[in-house]
Amino acid sequence: MLDGFNFDGDLHPLDAVEVFASRKAWEFDRLSEDRIALTVEGLWRLYTLTLTWQPADETLRLLCTFEMNPPPARHPALFDLLNRANDSVWTGAFTYWPDQRLMVWRYGLALPGGLAVGAGQIEHLMQGAVAASERFYPAFQLVAWGDAAPDKALHIAIAEACGRA
C-alpha cells in the first residue's frame, strides 16, 4: 500500500504510477510524458504493463500483456474461453491479439474534469491486472496447448480453495 503518500490534482497520473512501481521495486520505463511500461514477475510468467494517459478523453488506460501463441486450430476454443472469462470479471476484460501473439487484459480508469488519481486506485488497478492474468493463465494454457474444453478449463480459474493448509 502507498500509506503516507498523497497525490494531489497537479500530479500527472503516470507520476503516481512511477511512485507505486518504485515502491514495489518493479522495473519501469517512462516512454513519454503520457506512457509508461513496467515489467512484473508473476507466479506463472513475466507480465508487461503499459499505462497510457489519454488527455482527450481523460482516461488512464492499462494493458497487461503476456505472450500466447496457440496453434490457429485452437483459436476458436481460446475465443470461447475469453468470452467465458470476461463473463466472470467486472473490472476489465481479456482479448487476444493474434498478430502480436499477445493475451491482453484491458482496463480504463476515467478521470474526468481534472480528477486526481488516488494511491489506492493505482494499487488496485495494477495489482488487479496482474491478479486477473495470474488467475486465468492456467485456463488459457490448458485450452491453447492441452486440448481442454473451455468450460472445463474455466473451472480451474474460478475454483476457490476450501479449508486451511
**Residue ID - nearest to PHE28 (Cα to Cα), chosen from residues in region 88-126 that are in contact with a Leu (Cβ under 8 Å, 6 or more places away or on another chain) and in a helix (DSSP H, G or I)** = MET126
**Message:** If PRO72 satisfies all but one of (1) surrounded by 14 or more Cβ atoms within 10 Å (Cβ to Cβ); (2) closer than 18 Å to PRO150 by Cβ, what's the number of the condition it fails?
**Reply:** (1)
**Fill in**
Of the residues in region 27-60, those that are open to solvent by 100 Å² or more (accessible area, probe 1.4 Å), within 22 Å of ALA110 (Cβ to Cβ) and under 16 Å from the mean Cα position of the chain (by Cα) come to ARG35
**Prompt:** From the residues in region 98-118 that are within 24 Å of LEU46 (Cα to Cα) and out of contact with any strand residue (DSSP E or B) (no Cβ under 9 Å at 6 or more places or on another chain), which one is most open to solvent (accessible area, probe 1.4 Å)?
**Reply:** ASP99
**Asked** Any idea which of ALA139, ALA129, ALA165 is of a type in the set (A, V, I, L, M), at pLDDT 90 or above and either farther than 20 Å from ARG61 by Cβ or in a loop (DSSP other than H, G, I, E, B) (or both)?
**Response** ALA139
**Asked** For region 148-158, which residues satisfy the criterion of being touching a residue at least 24 places away in the same chain (Cβ under 8 Å) and not small (Gly, Ala, Ser)?
**Response** PRO150, ASP151, LEU154, ILE158
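The values are calculated or read from the model by the stated rules, or taken from the named source; none is laboratory data. What you see is a predicted model, and the numbers here were worked out from it, not measured in a lab. Ideal geometry is used to build each Cβ from the backbone, glycine not excepted, and the neighbour counts take in all protein chains shown. The area values use the complete protein model at the heavy-atom level, side chains included, leaving out ligands, DNA and RNA. Shrake-Rupley method; radii C 1.70, N 1.55, O 1.52, S 1.80 Å.
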